[in-house]
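Working notes for the structure below.
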2 protein chains.
Amino acid sequence: MRFTSQTSSDGIYEQLFALGEIPGVLWTPDGAAGNRPLILMGHGGGQHKKAPGVIARARRFVVECGFAVVAVDVPGHGDRPKDEEYNRIATENQARVEAGEDLAPLIAGFQALVARQTVPEWRAVLDAVQELPHVGAGPVGYWGVSLGCGLGVPFVAAESRVRAAVLGLGGALVSAEAAARITVPVEFLMQWDDERVPRAQSLALFDALASAEKTLHANPGEHGEIPAFELDSTLRFFTRHLG
Amino acid sequence: MRFTSQTSSDGIYEQLFALGEIPGVLWTPDGAAGNRPLILMGHGGGQHKKAPGVIARARRFVVECGFAVVAVDVPGHGDRPKDEEYNRIATENQARVEAGEDLAPLIAGFQALVARQTVPEWRAVLDAVQELPHVGAGPVGYWGVSLGCGLGVPFVAAESRVRAAVLGLGGALVSAEAAARITVPVEFLMQWDDERVPRAQSLALFDALASAEKTLHANPGEHGEIPAFELDSTLRFFTRHLG
């Protein structure tokens, strides 16, 4: 793990790093020492580790909860090189949608492919970050919607350090099998008028989760329109399960 | 409006009253003076105005939010006389269920019948309670699930003083038409494994609400098993919209 920059502002210490080929960012409270809960955040498709939505959520986790937050670029996103295979598939999918095929199964297949790479990457990131003295081996949470759900479901299913997860904007096509192996508490965000994920697919993914405690929060609006008050709920959810 | 008893404990002032034939209870903060938000709470089937769940919620609304809370007995419940027509219908419904008919449409029809009586009763209760100097004409919220949803949906649709409502454990069969006239913010509680309300009916009732802000909270478990953390969410919901 190689740190490439450190900055501090508004009570938040930001460290950019590279773990092998994986570029990442770690946020912790200024002057933090000792173990603390760690949230791994997955970004959306076409976004990156420092997308505005990632930063906005990370700031609140750090400042209001004292958590550490880590985010890394998904292959083909942010500071990572274009991935020729992923690009080729994306182009083919685009052509198939234009020829009239359903979008949802194509997204699902693509996310399942990428997850085979990101699950081990993210586990390695947890290993490295939890070695740091200002993070340590505290409880881990996962936050990710849309692509961050498609990649997050197999990650949460595989990684026993994750004690609670916020997921959503994803459907059962991509990950029902992995969802059935998730048993930690989940807050699942669904947009009732999601133009990308069919309503029945969202409900089926929520249904597939094996967690004894899981809550579906559905709000009106399209894929990108999660209301601001859901972040308040997310903070309370992680505080309840990791704090 | 005739008060029949006043008591005070743990910071809560409780007044039992009768408004014509309607027995009710009003809870306010000890020593309250001046206008404040008012929550009308509808109780569940077979319950009454002072059922444990009603009291537990009312206490928190009063103590933590400074609200007034009013609850009255539904006809045939609590301190009200048995209603012969309702009893006859309930007995007939029981026989039809035993003969193999679906329960949900029978519940729905019965609740629609009772609502024709309770909507004007509850409006009269609001009129009377808002005349009191320690309640006044502040914003009104409604809380009711199960029977309290079946009766609450037509009430909230009809009563423009209601600015926000928590509803749930009810289906579209009973009240989709009235739900389509509700435009205030709604938090809608659904039990994912509800043995009384079919899942599709719950989702259809949430879908039918015309509110621009509405949130579905679905949790695992049967009809009576709403998790305790939902009350925390309800307090924040009413504080956001009435506070």
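No value in this document is a laboratory result; all are computed from the given coordinates. Small disclaimer: the values here were computed from a predicted structure and weren't measured. For neighbour counting, all protein chains shown are included, and Cβ atoms are generated from backbone atoms with ideal geometry for every residue, glycine included.
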Pseudo-spin-label distance A:Asp83 to B:Asn35, built 7 Å along Cα→Cβ, given in nm, is 5.8 nm
Output row for B:Glu21: copy-to-copy label distances, label 7 Å along Cα→C-beta, ascending, in nanometres, one decimal, is 7.9
Distance in Å, no decimals, from the C-alpha centre of segment B:85-130 to the one of segment A:15-50 is 55 Å
With +1 on the Cβ of every Lys and Arg and -1 on the Cβ of every Asp and Glu, the dipole magnitude of the protein assembly as shown about its Cα centre, in debye rounded to the nearest 20, is 900 debye
Summing -39500 (n - 2.57) over every DSSP H run of at least 4 in chain B, dividing by its residue total and rounding to the nearest 500, the 222 nm mean residue ellipticity is -13000 deg cm²/dmol
For the table A:Lys49/B:Lys214; A:Lys214/B:Lys214; B:Lys50/B:Lys82, the rows whose alpha-carbon distance is greater than 28 Å are A:Lys49/B:Lys214
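Could you give the size of the charge dipole of chain B about its Cα centre, using +1 on the Cβ of each K and R and -1 on the Cβ of each D and E, expressed in debye and rounded to the nearest 20?
Details: 21 positive and 29 negative charges, 135 e Å.
The calculation lands at about 640 debye.
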